[in-house]
Structure formats: structure tokens, C-alpha cells
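To start, the structure under review is shown below, and the notes come after it.
The values are calculated or read from the model by the stated rules, or taken from the named source; none is laboratory data. None of the values given here were measured: they were computed from a predicted structure. Cβ: placed from backbone, ideal geometry, glycine included. Neighbour counts: every protein chain shown.
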Amino acid sequence: MSNENKHTPGPWKANEFGGIVYINASFKNYSHCIATVHDLCDGKNNDELKAHKPANINIIAAAPDMYEALKVAREMISALTPDFVSHGLTLIEQAIAKAEGK
């Protein structure tokens, strides 16, 4: 299995239409919806869940950028003294593995 991630390349952008936010990516000259962010997840009128929506939109849209930044950080940190960076590098490796579906 390849170590390359198979996600839709970034950048991802958020667009709201009809109360639903669509996370879109431009791929091969077309805009594709790759995710949606809704106000409610529990079927109730929950203001606390609604308050999380802007942050959820931002973190989803930033995912490809964060993934690339983690890969660069991994390379930079791994060049340092192993004892100094082992914990941080472990966290980065776990985050990249999760992003790659491992």
C-alpha cells in the first residue's frame, strides 16, 4: 500500500447555500462537494451545537493544509536529536496516519 494520501487535493473552500455549508474542492477544473456541515447533529434545536459550526467549517476546510504542514514538520523534527523529539514526532506520525486512514 502506498504512503501517499488519497484525499481530494486542496485547497478546500466553504460555501453556504440554503443554510447548509458545502466544503468544495476544485479538482480537474470542476468544483466538487466533498463534505457538508449542518447546524444540528442531534435533531434538536441546540444552540450549543450551532455555536460549533463556524469552527467545524474552518477545521474541515483547513485539513489539507494541516496535513501538508504536518508532513513538513515531521521531516524537520526527525532531523533533530531523537530523544528530544520522540514524543512530538509520535504525535505527528499518529495524526498523519489518521489522515491517511491507517
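With respect to the stated conditions, Pro64 is under 27 Å from His7 (Cα atoms), at pLDDT 75 or above and in contact with a Pro (Cβ under 8 Å, 6 or more places away or on another chain). The residue that is surrounded by the most Cβ atoms within 10 Å (Cβ to Cβ), counting only those in the stretch 36-51 that are within 14 Å of Ile20 (Cα to Cα) and modelled with pLDDT of 75 or more, is Val37. Kindly indicate whether Glu75 is surrounded by fewer than 11 Cβ atoms within 10 Å (Cβ to Cβ) and either modelled with pLDDT of 80 or more or not aliphatic (A, V, I, L, M) (or both). When the stated conditions are applied, Glu75 passes them.
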